[in-house]
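Taking it in order: structure first as structure tokens, then the write-up.
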Amino acid sequence: MGIDFLPDKPIYQQLIDRITGAIIRGTLQPGEKLPSVREYAVEAGVNANTMQRVYKELEQMEITETRRGQGSFVTADEAKIAMLRDEMKEQLVTSFLQSVEAFGFTTAEIVEHLQKRGDKR
């Protein structure tokens, strides 16, 4: 089946973003077992070496842990997941504000627009 990857970002980074996004959204729960490297590689349509790198990076980030003979699991440390969520929020807001400022909008203009938009829902 495979995943449609963006051409301007490394595939392994897109897979890391995909998994961390699932953790942040709660699609992947704390302590949940991840598919094996081979299973995920087939599902994503990537080389197993790429998937191995993804799992290694996630473990170095302390987002997952590998248990010998059992596989890889989402960290059970909910504080770590909360911190990941906050870091992602900060990155998204910073990126958004940089884009807004590049077009000459003020933060106040954007906040006002977002409030109006929220009122319509």
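The values are calculated or read from the model by the stated rules, or taken from the named source; none is laboratory data. Being a predicted model, the structure only gives us computed values, none of them experimental. Note that each Cβ is placed from the backbone with ideal geometry, even for glycine, and that neighbours are counted across all protein chains shown. These accessible areas exclude ligands, DNA and RNA; they are computed on the full protein's heavy atoms, side chains included. Shrake-Rupley method; radii C 1.70, N 1.55, O 1.52, S 1.80 Å.
Which number in (1) open to solvent by 90 Å² or more (accessible area, probe 1.4 Å); (2) within 30 Å of residue 31 (Cβ to Cβ); (3) not aromatic (Phe, Trp, Tyr) marks the one condition that residue 117 misses?
Result: residue 117 fails condition (2) only.
With the requirement that a residue be surrounded by 13 or more Cβ atoms within 10 Å (Cβ to Cβ) and either touching a residue at least 24 places away in the same chain (Cβ under 8 Å) or of a type in the set (Asp, Glu) (or both), what does the range 4-15 give you? Write out each step before concluding.
Of the range 4-15, the ones surrounded by 13 or more Cβ atoms within 10 Å (Cβ to Cβ) are 5, 11-15.
Once the filter is applied, which keeps residues that are surrounded by 13 or more Cβ atoms within 10 Å (Cβ to Cβ) and either touching a residue at least 24 places away in the same chain (Cβ under 8 Å) or of a type in the set (Asp, Glu) (or both), the range 4-15 yields 11, 12, 15.
Filter the range 39-79 for residues that are of a type in the set (Lys, Arg) and at pLDDT 95 or above and give the result. Let's see the steps before the verdict.
Just the residues of the range 39-79 that are of a type in the set (Lys, Arg), to begin with: 53, 56, 67-68.
Answer for the range 39-79, where residues must be of a type in the set (Lys, Arg) and at pLDDT 95 or above: 53, 56.
Of the residues 27, 94, 106, only one is out of contact with any Gly (no Cβ under 6 Å at 6 or more places or on another chain), farther than 28 Å from residue 6 by Cα and free of Cβ contacts under 8 Å to residues at least 12 places away in the same chain; which?
Values: 27 fails: farther than 28 Å from residue 6 by Cα; 94 fails: farther than 28 Å from residue 6 by Cα.
106 is the lone residue from the list that is out of contact with any Gly (no Cβ under 6 Å at 6 or more places or on another chain), farther than 28 Å from residue 6 by Cα and free of Cβ contacts under 8 Å to residues at least 12 places away in the same chain.
Would you mind stating whether residue 82 is closer than 24 Å to residue 25 by Cβ and either part of a helix (DSSP H, G or I) or charged (D, E, K, R) (or both)?
Yes; evaluated as a whole, the condition is true for this residue.
Take the residues of the range 16-56 that are hydrophobic (A, V, I, L, M, F, W, C) and part of a loop (DSSP other than H, G, I, E, B): which is least open to solvent (accessible area, probe 1.4 Å)? Talk me through it step by step, then tell me what you get.
Keep residues of the range 16-56 that are hydrophobic (A, V, I, L, M, F, W, C), which gives 16, 19, 22-24, 28, 34, 37, 41-42, 44, 46, 48, 51, 54.
Now narrow it down to the ones that are part of a loop (DSSP other than H, G, I, E, B): 28, 34, 46.
On the way: 28: 30, 34: 6, 46: 26 Å².
It comes out as 34.
Looking at the range 57-79, which of the residues that are charged (D, E, K, R) and part of a loop (DSSP other than H, G, I, E, B) is most open to solvent (accessible area, probe 1.4 Å)? Step through it out loud before you land on a result.
Start the filter on the range 57-79 by keeping residues that are charged (D, E, K, R), which leaves 57, 59, 62, 65, 67-68, 77-78.
Imposing the further condition that a residue be part of a loop (DSSP other than H, G, I, E, B) reduces the set to 62, 68, 77.
Details: 62: 115, 68: 229, 77: 74 Å².
By that ranking, first place goes to 68.
Please specify each residue of the range 5-42 satisfying the condition of being among the charged types (D, E, K, R) and over 12 Å from the mean Cα position of the chain (by Cα).
Within the range 5-42, the first condition is being among the charged types (D, E, K, R), and the residues that meet it are 8-9, 17-18, 25, 32-33, 38-39.
The answer is 8, 9, 32, 33, 38, 39.
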